[in-house]
Each structure stands twice: as structure tokens, then as C-alpha cells.
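The values are calculated or read from the model by the stated rules, or taken from the named source; none is laboratory data. Computed from a predicted model, the values in this text were never measured in an experiment. Cβ placement follows ideal geometry from the backbone for every residue including glycine, while neighbour counts extend to all protein chains displayed.
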Amino acid sequence: MHPNAFCDMQKAVERICRAIDEKENILIYGDFDADGVTSTSVLVKTFAYLGGQVDYYIPDRDAEGHGLNSKALVKLLSQKKPKLIITVDNGISSVEEVKFINSFGRDVIITDHHEAPEIVPPAYAIINPKALNALDEKLTTLQIEYLTSLAGVGVAFKLAQAVLEKYDKLAFSYEILPFVTVGTIADLVPLIGENRYFVTKGLELIAKGKHYGLKRLLDSAGVNIDNGLTSEQIAFTVAPRINASGRIESVDPAVKLLISDNKQEIELSIMQLENLNKLRQQMVSQTFEEADEIWKNSRSRDNAIVLANPNWHVGIIGIVASKFVEKYYKPTFIMTYSEETKTYRCSARGVKELNLYDIITNISDKLDGFGGHQLAGGFTFTAEKASFEDVKKALNQTVDEMLNGKKMSPSLDVDLELSIDDVDISLVEEISKLEPFGMSNPSPTFVVNNLTLKQKKLMGSTKEHLKLIVETPNGTIDCVWWSRGDIPLIAGDKLDIAFAPQINVFNGITSIQLLLKDVHADGLQDEEPELKQKVLDHRKKTNILAQVDDYMSGRDIVVFAENRDIIEALKPYKNISASIVNRVNAHKSNALMFFDYPAEDDIMQSVMQTVAPDVVHYMNYNQKNHSEETILKTFSGMIKYTCNNLDGLFNLTRAASALGVTNQVIETLLEMFEDVQMIKIAERDDNAFSIEFINSVELSKILHTEKYSEFVEMMNKINEYKNKFMTMDLML
């Protein structure tokens, strides 16, 4: 698609050409991840090729964070004296910083691909497909989708192409296309539209040795590209090494690797990147082990993992959070703390059932800044604004509310079950026609069942990778599971495996290798075994309420009770009464006491899941079954109150909790009262009815409706269910 699809493109090109022609200082302000580094390299390399006076600046992750930084800008404006500043992979939210630059009479061009706020910076030009009115209104929906899928480096490349076209030097696009390939793969954007071309063509160029630095980096990582290069090889070798520099130290080695023509400088950069990557791996492994030990020792049943330590490096906490999600499949928030600034910085990773950005947005009143998307995000907050415990509690409450009792469980989409005889080189060759693989075009996942494990090995300097050698009728096949670590399997175990096949060439021998995505075996257990719940039986104990009240002082215990008589009987006991909850307002607690019991099993399970107690106390239960007539009178009063004070909006769950019955009973009662023309049901959904009051009626009239016998039968079942808790085996 032509770069002029961006409304501000020509304006930006004219300003850049003027800067190049008049030898004005141009500063590229980038970002420290692989997308930001490659974006920076695209423009630096292009403008230098065109004779421009160009330099770059990439902020320090720890000290300055993402985006334009005012303190850094003061130094840059005085030391580098740029007349034109161009942002790449950042800047769309930097309103005040752009105003600050403008006040010095300097121009700013923003290139970015992140979500744009309602108020954008007053920049000279904005090249961001997600900004309001940034794209030509004549574009089709598909064209807009392709442009909004660009990584930051894809947007920067569009600008570079437009400038090159102005100078009639478009052929140079192929010199910088390898950068676009790396950044697009690393940033996990969908491989659709032009992204697909960028990656396909760029992989071909890199494999042919078009870029010396990338070719040498792949060589040093042990990647043989004689038979071509795949997106997975970039994702697992080049991207982590570039990212490691920005995570741990300066990104200069990564930028020099890409833009330098000096082979000695490139070799030194590769050595530095290799060392930084090894250090990054060690730091991640050490931090994860430490954090995991804290989590396991806490014996927490929370649905979110929220951990903090001032000694954890801000550059690797996002990777650590990802490892927690892989192991426990819970949204994870890993934080570090600076004593100097009194600031917490968090990197978070999510699960498919919940939108992580929505979780963070929900607690934004406690934060100083935040951002992200469905599966990844981050935020900062000062200890002055909120404590760690406050934020942790708010995150857990938000996750619980969003789950609303639903389970989180990882799943893997499988394309086809195969026989092991089907897995050969011709299969891989057929699959390769679908490449490049990546976001929106994942490599196919296959399953083979009932294989026999011959040998298990751990690989890597920190033993983080797993190799399983399995037996087949035609010999053995190597199966590799990257970053999985050890699992309790022994030779002879029967395995079902999910995998993607690939060709492996070693010492001139070509063979099939399977990249594992999951393994099932009878000997494997869940990583997080369910903690055994302690059950205490007090059902035969009477006259102990005073003792229980004393026992509850200072303890984290909730008391379940919905029956009005039971609640009244517990009122004189301050600690017990203050801890009473029902199905609506139940919350997490270390212990749960049942002085009353739910009306059905679904409610019981929901309460147990919400409270997630380590200890459950079953107390003596003196159920006084209300007569149906008493319930009808109470319900009649609830109807009148709803119509007079709540605009007729009748909440089934709240009403059911107030009467200690099921939602089905409430629905039946409403239909009974409609049958006798006391009310009219205007609207209904799963949990709320809109009703209109018509006339008061004699209750005796209700007793002769068809629904009444259904109501009586339901109440008998509820009483039977509740009473069984006094005699059932509690399985202590």
C-alpha cells in the first residue's frame, strides 16, 4: 500500500527532505525493545544513506521508561541540537513532552502504532494508523485492517519508503527490509497484509546474507540458514538477543549490529549481545525460582498472582510474569520497587479468559500510569498513592468479579491427529508452503498418541530446555520443548504429544525434529496440586456461640448465613455477626463457617469457590422451615418495595439470597403473582425482571394457582438439601 495512505505523510516527507537538504540535525527518538530498535535503525540508516545529519536516542528502560522523557529531552536539545525530532514506536501519548519541544521552536514528527488517546500531541505530523483521522478516508476496511496491524517498524518503514521515493532511491528499501522483518516478528503483530510480505521477503534476504550483522548473529546462535530461514528462528534467536540489550543495559550493541558497516564493530556487538542474553537468561531463571518459592510458600488460593520485590530487575519481570502464566495459568503481576523514587513498576501477563488491560484500567485510580492490551500490560504507582497490599487486593477483587465463578484453564488448538508414520520430511515440506508463521497464522499443531519414551535430556546452560527421545517403528525421533525445564517422566512411559514438526540438519544429516507444545502421560501431574482443605465438624456442639465469637477475634473468617432467624440469633455476638456473608457478598477468606447452608449445590459450589477457604467449619444447624404462607407474605412485601423504591427492577439473586431460596423459586413466585394479576412482568432476563404493580390481592387466591404446587415442591427440595448437611459424611 502506498505510504500516502497516511494523511500526514506528504507533510512529513517535505519536512524531512528539507532537513536532509539543509543539513539540519535530525534526531530519531526510539524505544528499547526489538520493535523500537529496528524502527530506529530503519530511519537512521535511510537518512544517513540520503546524506542527512542524523543521530538517535533510545531511553533507559529503568531510569526513563517508555516514550518521550522531559529530562532526557533537555539534554538532547542542548547537546545534539536537533531541528527535527522523529519518534518511532512511541510518542502518541506524549502530549506535554511535544509541547515542551515545540516551545523551543523544534518540529516533531510522530511515528507510532500504539492505541491513540482522544487528545494527541500537537506534532508537526503524526504517522500512526490508529490515530483519529490519520488514514485516507477512501481506504477499504481490509486496507485499514492491514495498516493498523503494522508494528512500529512497519510504520517507520512506510515513512522511509516515502522519503526514498522522493529522492528516486526506492531500491534502498531492500537494504532496510531485514530490520522490518525482525521487528515485525518480535512485536507479535498479525502476519497479514503487508506484514506477511515484509516477513517473507526479509527472511529471504537475510538467508541470502543481505545483512552481514544479522547473518553473523544467526551464525553465533548456531542457526544454519543454508536451506532458508524461518520466522521461528528469528523469534527464538535474534529477537531475544536484541531485547536482552534493552532489558539489561544499553541498546547500543543492538543498534550498531543493525546500522554499522564496520565488521569489527559488528563482531564486538554480537559478543556483547550474546553475553547479555546469557545474563538475561540467568536473571530470569533466578528471579522466577525466587518468586515461585514465595508464591508456593504463601499457599495462596488467589485467582491472580501478585508479587513484588525491590531486588527484581525491571527489565526481566515481564518474562518472569510470562513464566508464571505458563506454569499456573493465572493473570500475573510482577513488581519491583525503587526506594529512591518510592515507585512500584509492574509488568503483567494475562490469560485468554480475561482482558488484562480491562483489569488494570479498573484499578487505574490507584495508579500513576498504565498501558497494555488483552494479554500483556504494565503500570506504575507510588507508595504515597497506594500501598502494595491495596493494589494487590484491588487486582484480586477485580479478577474475581470478572471471572464471576468461571474457571481458568489453558487449552491448545489442535489441527489434526496423526500416526507417527505420517510424520516425515514431505509433511514438513507441505507445511512450509504456509509460511511464514506467526500471529494470525500459527504453525499447525498435530497430535500423535501412544509413543514410548526412550530417553529424557535437559539442554541449555541453565538446563531450561527439554529433549525427549521417543521410539517409533522406524527408529527414534527427537522432541524438543523450549524453556520447559524438567518434568517427571522416565524411560518406558507412554506419551501423547502435541507438536509442530520441523527439519533439523546436524553434521550434514537431515532428520525430523518435533517442537513440543504439550505432553500427556499418566505419570504427569498438574504443576499446582490442589491444597487439601481442612474440614472441622462442630455439628453436635451446642451453646458454643460465645466461645466461637472469642475465637473469631482477629481471624480472617467469614460466616455464611441467609436464614433470617439464624441471622437474628447471631446478632448478639459481635465478631460472628460482623462476619456474616451471603451468596451475593461472599469474598475470599482463610476460613468459612456454615451456620446456615445454601439452598442448592450450585450455590454451595459458588460460595466455596469465591471464599476459597483453607479451613471449613460446619456448625450446628437449627433450621426452622418457614411456612409457605410466611414466604408469600414476605415476598409480597418485597414486590411492593421494589415497585415503590426500585422502579420495578427485581433482582432474582438478591431476592433469593434474602429468602434463602433458589433463583428458580423467585422466578416461580413472580409468575404466580402475575397469574393472580397482582403484578405484570414487563421484561425479563437471566437475573433481573422488570415488574409493574397492578393491585393487592388476597394470598388465599395464590394458593389455588397451578404454580403454587411447583413452589411447594421446590421448597421441600431446598429444605431437604439444607438438612442433609447435619447428617452427611464430611470426609474429614
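What number of residues within segment 168-194 satisfy the criterion of being within 29 Å of the chain's Cα centre (by Cα) and either polar (S, T, N, Q) or not assigned by TED's automatic domain parsing to the domain that holds Leu50 (or both)?
Total satisfying the criteria: 2.
Those residues that are surrounded by 20 or more Cβ atoms within 10 Å (Cβ to Cβ) and among the charged types (D, E, K, R), I need them from segment 561-587; list them, please.
Glu562, Arg583
What number of residues in segment 705-726 are in contact with a helix residue (DSSP H, G or I) (Cβ under 7 Å, 6 or more places away or on another chain) and exposed (fewer than 14 other Cβ atoms within 10 Å of the Cβ)?
Qualifying residue count for the region: 1.
Being over 27 Å from the mean Cα position of the chain (by Cα) and assigned to a helix (DSSP H, G or I) is the filter; apply it to segment 135-155 and report the residue that is nearest to Asn90 (Cα to Cα).
The extreme case among them is Gln143.
Return the pair list, or none, for Cβ contacts closer than 7 Å from residues in segment 100-120 that are closer than 21 Å to Lys80 by Cα and in the same structural domain as Thr87 (by TED's automatic domain parsing) to residues that are surrounded by fewer than 17 Cβ atoms within 10 Å (Cβ to Cβ) and of a type in the set (Ser, Thr, Tyr), at least 6 apart or on different chains.
Here the result reads Phe100/Ser70, each pair linking segment 100-120 to a residue that is surrounded by fewer than 17 Cβ atoms within 10 Å (Cβ to Cβ) and of a type in the set (Ser, Thr, Tyr).
Regarding segment 317-331, can at least one residue be identified that is polar (S, T, N, Q) and either modelled with pLDDT under 90 or part of a helix (DSSP H, G or I) (or both)?
Yes, the conditions are met somewhere in segment 317-331.
Every residue, every condition in (1) aliphatic (A, V, I, L, M); (2) within 19 Å of Ser245 (Cβ to Cβ), yes or no:
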| site | (1), (2) |
| --- | --- |
| Phe47 | no, no |
| Leu50 | yes, no |
| Tyr56 | no, yes |
| Pro59 | no, yes |
| Leu68 | yes, no |
| Lys71 | no, no |
| Ser78 | no, no |
| Leu84 | yes, no |
| Ile92 | yes, no |
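Any idea which of (1) in contact (Cβ under 8 Å) with a residue 60 or more places away in the chain; (2) over 27 Å from the mean Cα position of the chain (by Cα); (3) closer than 24 Å to Gln143 by Cβ is the one Val88 doesn't satisfy?
(2)
Quick one: in segment 337-350, of everything that is surrounded by fewer than 22 Cβ atoms within 10 Å (Cβ to Cβ) and of a type outside the set (Phe, Trp, Tyr), which residue is farthest from Met408 (Cα to Cα)?
Only one residue tops the list, namely Glu340.
Any idea which of Leu703, Leu670 is modelled with pLDDT of 90 or more and not hydroxyl-bearing (Ser, Thr, Tyr)?
Going through Leu703, Leu670 in turn, the sole match is Leu670.
Of all residues being assigned to a loop (DSSP other than H, G, I, E, B) and surrounded by fewer than 18 Cβ atoms within 10 Å (Cβ to Cβ) in segment 627-666, which is farthest from the chain's Cα centre (by Cα)? Just the residue, please.
Ser627
If Glu720 satisfies every condition in (1) free of Cβ contacts under 8 Å to residues at least 12 places away in the same chain; (2) within 23 Å of Thr642 (Cα to Cα); (3) not basic (Lys, Arg) but one, which is the exception?
(2)
Being of a type outside the set (Val, Ile, Thr) and either under 23 Å from the mean Cα position of the chain (by Cα) or over 30 Å from Leu142 (Cβ atoms) (or both) is the requirement here; does Tyr197 meet it?
Details: of a type outside the set (Val, Ile, Thr): yes; either under 23 Å from the mean Cα position of the chain (by Cα) or over 30 Å from Leu142 (Cβ atoms) (or both): no.
Answer is no for this residue.
Out of Phe673, Phe689, which single residue is in contact (Cβ under 8 Å) with a residue 24 or more places away in the chain, within 13 Å of Phe635 (Cα to Cα) and either surrounded by 18 or more Cβ atoms within 10 Å (Cβ to Cβ) or of a type outside the set (D, E, K, R) (or both)?
It is Phe673.
For residues that are under 13 Å from Thr343 (Cβ atoms) and within 18 Å of the chain's Cα centre (by Cα), tally how many sit in segment 371-394.
The number of residues fulfilling the criteria is 4.
Take segment 216-251 and flag every residue that is under 24 Å from the mean Cα position of the chain (by Cα) and among the acidic types (Asp, Glu).
Within segment 216-251, Glu232 is the sole residue that qualifies.
Can you tell me which residue among Thr141, Thr148 is assigned by TED's automatic domain parsing to the domain that holds Gly36, touching a Lys or Arg at 6+ places or on another chain (Cβ under 7 Å) and over 19 Å from Lys210 (Cβ atoms)?
Thr148
Can you tell me which residue in segment 358-386 is surrounded by the most Cβ atoms within 10 Å (Cβ to Cβ), limited to those that are among the acidic types (Asp, Glu) and under 20 Å from Glu401 (Cβ atoms)? First the steps, then the outcome.
Restricting attention to segment 358-386, the residues satisfying the condition of being among the acidic types (Asp, Glu) are 358, 365, 368, 384.
Narrowing the set further to residues that are under 20 Å from Glu401 (Cβ atoms) leaves 358, 365.
On the way: Asp358: 14, Asp365: 8.
Across segment 358-386, the extreme among qualifying residues is Asp358.
Please go through segment 457-472 and pick out each residue that is of a type outside the set (A, V, I, L, M, F, W, C) and at pLDDT 85 or above.
Selection gives Lys457, His465, Lys467, Glu471, Thr472.
So which residues in segment 440-470 are of a type in the set (A, V, I, L, M, F, W, C) and surrounded by fewer than 16 Cβ atoms within 10 Å (Cβ to Cβ)?
Leu458, Met459, Ile469
Based on what the data block shows, is Leu632 at pLDDT 90 or above and aliphatic (A, V, I, L, M)?
no
Output the residues belonging to segment 394-434 that are charged (D, E, K, R) and either in contact with a helix residue (DSSP H, G or I) (Cβ under 8 Å, 6 or more places away or on another chain) or crowded, with 16+ Cβ neighbours inside 10 Å (or both).
Asp400
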